Amino acid sequence: MLEKIKSKSLIKWYFILPTIIFFLIMVIFPMIWALRLSFFNWHAIIGPRMDFIGLGNFYNILKDERFWGDLQFTLFYVGMVVIIELSLGLGLASLLNRKFRFRNFFRIIYLLPMTAPPIAVAALWRMLLQPDEGVINKLLVAVGLPLVKWTTDPSIAPISLVIVDVWQWTPFMLLALLAALQSMPQDIYDAAAVDGASRGQTFLHITIPLLSPIITTLVLLRAIDAFKLFEYTYGITGGGPAGKTESLSYYIYSQGLSYFNMGYASALSWVFLLIVLGISLFVLKSMRKEMR
Amino acid sequence: MKKKSKKRVVSLIIMVGIIIGIFSFSAIAKTTLNVLATKPQSTVIDNFGPQWEKVSGVKINKIEIPYPVLFDKVMTDFITGTRAYDLICVPADWMGDLAGGGWLMPLDKLKNEYGYPEWKDVTPAIQKVVKWAGKMYALPFDGDCHNFYYRKDALENPKYQAKFEKEYGYRYNVPPKTWKEVRDIAKFFNGWDWDNDGEIEHGIEFIAKRKTQAQWSLIDLAAQYTVLHGKTDKYHGVLFFDPETMEPLINTPGWIEAMKMLHELTKYGPPGLLSYGYSENRITFVKGTCAMVFDWGDIGVMEQNPKKYGSTVKGLVGYSPLPGAKKVWDRKENKWLSKYSQTNFLDFGGWVWVIPKTSKDPGQAYKFITYVTNPKRSLQEVTGEVYCGANPWRFSHFTGLDEWIKAGWSKKSATAYLKAIRSILNDPEAALDLRIPGSNEYYDYLDLYLSKVLAGKMSAENACKKISEIWENITKKYGKKRQLNIYRESLGLKPLE
């Protein structure tokens, strides 16, 4: 028996077991529990009684205008931040990949925003973007430009949140792409140079294809993270003006932990998960196709 | 070598033992009260907590969180049974969820056991808001109602008054008597330097940002167009629901008119008005940016303290109850009644302290709050001497003028400020805030759709219709009959059979 326990094939499982138990308790169990809850009507603030309503919560989501509005904003936000951060990150990574004075200084400076907690970033930008007293508008007025209603105009406020995200998370793209650029094999570039390829051609036909796997991963990571937008909405706009900056995560939080509609919040969470999963798979598939 | 390591192990065990012993001893020696509050209410703990720790030997552990998540944290703690808090500072209008939900400890027994410092000194309105279903569930801390503030140097200036009369064809009242008058005055004073300080000023400001209590700005106006005075019944003295059917009243012309008017007022405020929460509203007004504002009593305290809040308007501010309206919607006759009507509204009902049923030491929690809210200390709080967001709520707060002057108020300002608040708190027909289970959810949807109207993205008619539908669903969720009877009770009406 003791020999069996000590056998090499089992030992690896002993090492993995704590992780598996942790994963089951902290991830799988809550997910299954939430899935079960999504078929019930449970208002935790009223009492422990749960009524089975089948797909009722999911049907209500289809009719929920607030959900569709928040989904629209969340998709806009994710699309914008991923595209802008990827483009900026790639451009900056290419610049920082060259040799010039103070290169290391700039590398560190660019990384600083990423190190701040998002809620602190939200507090900082709330002050910067305040239309009347904020520094940004004061500067605009000082150079003769008109005031911008950064957080009070329903068509500008969503863009303001995108700006904050780009400020904080472009360094993440930059860091990963810079590492990828630095590990590129030099001989391919040498061969391209011998063949007379221009800088632009080299970038488009060598750098981008070689970077494709890392770009796919980065796009996915940033998109999934951006989908979870909460802190900027909470800290900068509170979801306003006119509910135009309320993210899906913020809405789920409100349903679950402000109104305590646990069944509906669970159904929303599952729909949210399926949307993120669907989009991730779509992005992955299209980028793989592109890479081939 | 072996001996050495044995010695090391023994000394390590002894050291660990000593450390554990010290911590256990200090834990036994001092009870710790976990007190949850938002800012600035939490500053009462900074001000008086150390004194009380010395007197009682009980340690206060202050847990400070922002207002928008207070309800979420409190309810999550109750529902999950975490028992993290022994004492919590909450708005009185949450009584429906907190006391009605059975999460709070009734305090009558503790009051009998430990006494209460000068209960007769507490104004009747505040005695009422700390009770739920006839029992006392909260300890008073604050006497909340919205006041109307105006710049005397602007509105009382004869030159401006004459200019206004020429432009608008009538002479305005000081303080303004109706919201229509407020709108015209706001329009008149918007966008020019009327106090000659070299800066452009604006007409009016109020709390308008989503999730920062903007719904109370609307209710201030809605009360004027909706509440018919008289003995409370189906048609009189009601603001939110029909007390016989629980049908929401928000989709009636009175509320719609109020929403339209509030939207109109946004045109005559600062460009960033829709980003104004209560902090921005107060700070900008005392810095001299607007002619008028409506808010709780805190603005008066801040106005009087240039050093702390950068006030540039000390002594230049006039105070009054909310303006009224020249018409009020009569639901019985289904038409506008053309008569002047003014309704005082106890927005929020004031901050109160509650003791959860799961509190580890309710006796000490009770003693701490009665210590910090006794007549002497509470007077220091409401005058702003030790500011913590509390406004007058004891009779003695209105008479102890010396303490107000000691806190930096001029006699004239203090007298006018107290007169305005006293007239609201003493009004027997003052409308009470919504105090039924789910008030947080009812109000959050009101806030959401109001923000759409203020941003010009939805008409007042559509918003009120939408809110009414949502309120119906929330009522259904909580149980119509139960909600109806609780609402009736909050109005002082008997439950329906």
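Just so it is clear, none of the values below were taken in a lab; they were calculated from the coordinates. As the structure is a computational prediction, the values presented were derived from the model and not from experiment. No Cβ is skipped: glycine too gets one built from the backbone with ideal geometry, and neighbour counts run over all protein chains shown.
Results, tabulated for the structure shown:
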{"quantity": "Likely footprinting exposure, B:K457, A:K289, A:K244, B:K39, fewest C-beta neighbours within 10 Å first", "calculated": "A:K289, B:K39, B:K457, A:K244"}
{"quantity": "GNM top mover of A:M80, A:M50, A:M173 - chain A, alpha-carbon springs below 10 Å", "calculated": "A:M50"}
{"quantity": "Within the protein assembly as shown, percent of DSSP bridges classed antiparallel, to nearest 5", "calculated": "65 percent"}
{"quantity": "Inter-label distance, nm, simple model (7 Å from Cα along the C-beta direction), A:R98/B:A416", "calculated": "6.6 nm"}
{"quantity": "Charge dipole magnitude, Cβ of K and R +1, D and E -1 - chain B, Cα centre, debye nearest 20", "calculated": "1840 debye"}
{"quantity": "Residue-averaged 222 nm ellipticity for chain A, from DSSP H runs of 4+ at -39500 (n - 2.57), nearest 500", "calculated": "-22000 deg cm²/dmol"}
{"quantity": "Alpha-carbon centroids, the range B:387-422 and the range A:77-125: separation in whole Å", "calculated": "53 Å"}
{"quantity": "In degrees, nearest ten, helix B:2-29 long axis to first principal axis of chain B (Cα)", "calculated": "40 degrees"}
{"quantity": "Restricting the range B:366-472 to GluC sites (Glu not before Pro) in coil, as DSSP defines it, with at most 16 other Cβ within 10 Å", "calculated": "B:E429"}
{"quantity": "Alpha carbon centroid spacing (whole Å) that separates the range A:132-166 from the range B:45-67", "calculated": "40 Å"}
{"quantity": "Prolate/oblate/rounded label for the range A:38-291 (Cα gyration tensor, a/c 1.5)", "calculated": "oblate"}
{"quantity": "Prolate/oblate/rounded label for the range A:205-267 (Cα gyration tensor, a/c 1.5)", "calculated": "prolate"}
{"quantity": "Trypsin sites (Lys or Arg not before Pro) within the range A:86-164: DSSP coil, no more than 10 neighbouring Cβ in 10 Å", "calculated": "A:R98, A:K99, A:R101"}
{"quantity": "Cleavage-rule hits, chymotrypsin sites (Phe, Trp or Tyr not before Pro), the range A:54-141, DSSP coil, Cβ neighbours within 10 Å at most 15", "calculated": "A:F100, A:F102"}
{"quantity": "Overall form of the range A:1-76 per C-alpha gyration tensor (a/c, 1.5; a/b vs b/c)", "calculated": "prolate"}
{"quantity": "Pairwise Lys count, the range A:38-291 - Cα closer than 23 Å, eight or more residues apart or different chains", "calculated": "6"}
{"quantity": "Cα point-scatterer Debye curve for the range B:191-269, base-10 log of I(q)/I(0) at q = 0.16, 0.24 Å⁻¹", "calculated": "-0.69, -1.09"}
{"quantity": "Antiparallel content of DSSP bridges confined to chain B, in %, to 5", "calculated": "65 percent"}
{"quantity": "Greater than 32 Å apart at Cα, pairs in B:K287/B:K376; B:K159/B:K411; B:K39/B:K327", "calculated": "B:K39/B:K327"}
{"quantity": "Charge-dipole axis of the range A:38-291 as Lys and Arg at +1 and Asp and Glu at -1 on Cβ define it, positive-most pick from A:A193, A:V164, A:L175", "calculated": "A:A193"}
{"quantity": "Order of A:R49, B:R282 under a 10 Å beta carbon neighbour criterion, fewest first", "calculated": "A:R49, B:R282"}
{"quantity": "Inter-site label distance for A:L147 and B:S279 at 7 Å from Cα along Cβ, in nm", "calculated": "2.0 nm"}
{"quantity": "Residue-averaged [θ]222 nm for chain B, counting only DSSP H segments that reach four residues, each worth -39500 (n - 2.57)", "calculated": "-14000 deg cm²/dmol"}
{"quantity": "Residue of A:L145, A:L274, A:L124 that the Gaussian network model of chain A assigns the largest fluctuation, springs spanning Cα pairs under 10 Å", "calculated": "A:L145"}
{"quantity": "Stokes-Einstein diffusion coefficient of the protein assembly as shown, Kirkwood radius over Cα pairs, 37 °C, 0.692 mPa s, in µm²/s", "calculated": "110 µm²/s"}
{"quantity": "Separation between Cα centres of the range B:353-380 and the range A:242-281, rounded to whole Å", "calculated": "39 Å"}
